[in-house]
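Q: After the structure tokens below, expect a handful of questions from me.
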């Protein structure tokens, strides 16, 4: 992974990537963390806007869990249903066609983004953990069978 995030050709998926100059060690055993992907997409959108490329629009889709089997056993945080693939595609596609910069679904993802932005980090961690149960949503994760 480079400092801008995202997988690079030759990255392996099995082991932890060493942190070199300009690199981040994210503790995700060499896998690209979903937040890195979102940050990369947001950065791309901002760079394209700054470059004046009005004919290229980037929509970043930020869902909670989608029931594709990839997150088998995961539970959605408080008030956050697991999305059906059709609903996720419909939301992402509609946002893309409308040129919406960020599409976050369901509404609780937007709420979490707002709370994370206004609460001090330690307070957000308490709310996310004890109220929304975000940090325990993967406790029963089994992955694809």
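Q: List pairs: first in region 51-62 and within 12 Å of residue 93 (Cα to Cα), second at pLDDT 85 or above and assigned to a loop (DSSP other than H, G, I, E, B), Cβ under 6 Å, 6+ apart or cross-chain?
A: Between residues of region 51-62 that are within 12 Å of residue 93 (Cα to Cα) and residues that are at pLDDT 85 or above and assigned to a loop (DSSP other than H, G, I, E, B), the close pairs are 59/100.
Q: Could I ask something else about it? With respect to the numbered conditions (1) surrounded by fewer than 16 Cβ atoms within 10 Å (Cβ to Cβ); (2) within 30 Å of residue 54 (Cβ to Cβ), which one is the sole condition not fulfilled by residue 116?
A: Among (1) surrounded by fewer than 16 Cβ atoms within 10 Å (Cβ to Cβ); (2) within 30 Å of residue 54 (Cβ to Cβ), residue 116 violates only (2).
Q: Further, regarding this structure: Looking at (1) out of contact with any helix residue (DSSP H, G or I) (no Cβ under 8 Å at 6 or more places or on another chain); (2) surrounded by 11 or more Cβ atoms within 10 Å (Cβ to Cβ); (3) at pLDDT below 80; (4) farther than 26 Å from residue 129 by Cβ, can you tell me which one residue 87 breaks?
A: Of everything listed in (1) out of contact with any helix residue (DSSP H, G or I) (no Cβ under 8 Å at 6 or more places or on another chain); (2) surrounded by 11 or more Cβ atoms within 10 Å (Cβ to Cβ); (3) at pLDDT below 80; (4) farther than 26 Å from residue 129 by Cβ, residue 87 misses just condition (3).
Let's see how each residue does on (1) more than 17 Å from the chain's Cα centre (by Cα); (2) assigned to a loop (DSSP other than H, G, I, E, B):
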| residue | (1), (2) |
| --- | --- |
| 54 | yes, yes |
| 77 | no, yes |
| 89 | no, no |
| 92 | no, no |
| 110 | no, no |
| 115 | no, no |
| 126 | yes, no |
| 143 | yes, yes |
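The values are calculated or read from the model by the stated rules, or taken from the named source; none is laboratory data. Source: prediction; values computed, not measured. All Cβ positions, glycine included, derive from the backbone under ideal geometry; neighbour counts span all protein chains shown.
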